[in-house]
1. Looking at region 38-67 only, could you name the residues that are of a type outside the set (A, V, I, L, M) and surrounded by 18 or more Cβ atoms within 10 Å (Cβ to Cβ)?
2. Starting from region 141-152, keep only residues that are free of Cβ contacts under 8 Å to residues at least 24 places away in the same chain, then list their pairs with residues that are not aliphatic (A, V, I, L, M) whose Cβ atoms are within a distance under 8 Å, requiring at least 6 positions of separation or different chains.
3. Just need a number here: residues in region 175-195 that are on the phi < 0 side of the Ramachandran plot and crowded, with 23+ Cβ neighbours inside 10 Å.
4. With respect to the numbered conditions (1) assigned to a helix (DSSP H, G or I); (2) over 22 Å from Leu29 (Cα atoms), which one is the sole condition not fulfilled by Met146?
5. Of the residues that sit in region 176-210 and are in a helix (DSSP H, G or I), of a type in the set (D, E, K, R) and in contact (Cβ under 8 Å) with a residue 12 or more places away in the chain, which one is nearest to Thr251 (Cα to Cα)?
6. Of all the helices (runs of 4 or more DSSP H) wholly in region 1-118, which have at least 2 residues that are free of Cβ contacts under 8 Å to residues at least 24 places away in the same chain?
7. Can you tell me which residues in region 154-194 are over 19 Å from Gln124 (Cα atoms) and either within 21 Å of the chain's Cα centre (by Cα) or β-branched (Val, Ile, Thr) (or both)?
8. Go through region 346-408 and tell me which helices (runs of 4 or more DSSP H), entirely inside it, have 3 or more residues that are out of contact with any Ser or Thr (no Cβ under 9 Å at 6 or more places or on another chain) and modelled with pLDDT under 80.
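The values are calculated or read from the model by the stated rules, or taken from the named source; none is laboratory data. Because the structure is predicted, anything quoted here is derived from the model rather than measured. Glycine gets a Cβ as well: all are built from the backbone with ideal geometry, and neighbour counts include every protein chain shown.
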Amino acid sequence: MKYLKVIAFTHKYIDLKDLGRFVICNETLESRLGSVKAKFGIPEIFYVGTCNRVEFVFYAEQQLTPDFVKDFISSLNFCVTGDKLEGIASRASVYEDMEALNHLLRISCSLESLVVGEKEILAQVRKAYEQCREAGLTGDYLRMVMSRVVKTAKEVYTHTNISRKPISVVSLAYRKLRDLKMCSNARILIVGAGETNQNISKYLRKHKFSNFSVFNRTLAKAEHMALELDGKAFGLEDLKHYKGGFDVIITCTGATEPIITNEIYQSLLSGETDKKVIVDLAIPNDTCCKVTESNAVHFIEVGSLQEIAQQNMQDRYEEQIHAERIIERNIQEFKPMLKQRRVELAMREVPEKIKAIRSTALNSVFADELQGMDENSREVLEKVINYMEKKYISVPMVMAKEILVNNC
C-alpha cells in the first residue's frame, strides 16, 4: 500500500460553504484531473464529491507534504483566492499507505458520513470511480483497491445493523419536510434530476405527494424523472419564467453558483405572500443567501441536519465497533493479495525477456557456430533450449510465490 494517497476535505474540518468551492462538475472532471495527473506524474487518480466531502484518491510516489497539497489543489484551478486557498488547504485531511486504505474503507462503510449507516455513500464512491475509470484516469492498482472497498462495505452492511432503518441526509430532509405537515397536493418544484433528488422524490411519491414540476439543465433527464412522478418537465432556464406557483422547492444540482437567486425567487412567488419551504441539499447551496435573508421561508439544508446526524452516530456506536473489526480483517487479507498481484505483474515480463535472450543467442551470439552444425544436432539443441526456456520461466514464478507466502 506504499503509494496509495488520499487528500480529503470534509464537513468535520471545513465549513460546508467552503467545501462547495472544491466541487468539480462532470463536464470538466476529465480535463482537470488529467492535467493534474500529467503535471505530477500521477499514474492513477479518481475524485469523489458528495454532500459533505470532496476527496482525491490516487496512486503516486510523492509524499503528501503541506506544500504538495497546496500545489495539488492550486493546479485544479478552483475559483478560490490565494489566501483563502491556503487556509482551506491547511485543513485538508491527508492519508497515505495503510491509513489511506483504512480511510477509504471507513467512508465506503459510512463510518465517516454525516449520517452513519447511510448506504448511499458506497454507490457514490463506486460511481465516482467508474467515471474516472472510463475516462482512463485509473488502472490496475486502484481497480484492486476499489474491489476490496466494495467487498468490505457489503460485508459491513450485511453482517452489522449499522444500516438498519438508515437515516440518510435525504431521509432526514424528508422528515423535516414531513414535520411541516404539507398537504399531499402541495406544489413541489424539483430543481436538478440527479441521484439525491431522485431519492427524495421517491419518499414524496411513496407518501402520496402528487404535484411535481422538474427542472434540469438536460431536459431529457427532467422528462424521465417527471414521467416517474407523473409531473411536468422543464429546462433549467425555464425557472426564470415559470408562473405556476409553488409551495416547496427541492434543489440539488452540481452548480458552483446559486441557481435560486432572489430575483428568480421573487418571480417564482408570482405575488404569493405565504411562507414557503426550500429544501437545499446542494453543496454549495443552490439558494442565494439573499433569498433566506429577505423572505419568510422554512429553509432546510445539509448543515441543519448535522445535529440529528450526531445523535444517529451515537445510537450506532456498538455497530461501528463491529464494522471496524470487519474493516481490519479485510485490510489484513488485502495485504498479501496486493503483494501477489505485484508479483504477477512483474512476472509477466519474464517470458518475453527469456525469449529475447534466446533470440539473441541463436541469431547473434552463436549464429556462426550454429551454421556449422548438422540438422540432427540443431534439432537436439532446439529441444534442449525449449526445455530450459520453459523451466526458466516457471522456476522464478514458483519461487516468487513461495517467498510471498512465507513472508505473509
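1. Matches in region 38-67: Glu44, Phe46, Tyr47, Gly49, Thr50, Cys51, Asn52, Arg53, Glu55, Phe56, Phe58, Tyr59.
2. The qualifying pairs are Arg143/Arg133; Met146/Arg126; Met146/Tyr129.
3. Selection size over region 175-195: 6.
4. Checking Met146 against (1) assigned to a helix (DSSP H, G or I); (2) over 22 Å from Leu29 (Cα atoms), the one that fails is (2).
5. Glu195
6. Those helices (runs of 4 or more DSSP H) span 26-40, 66-74, 82-89.
7. Thr160, Ile188, Ile190, Val191
8. Once the helices (runs of 4 or more DSSP H) in region 346-408 are filtered for at least 3 residues that are out of contact with any Ser or Thr (no Cβ under 9 Å at 6 or more places or on another chain) and modelled with pLDDT under 80, what remains is 349-360, 375-407.
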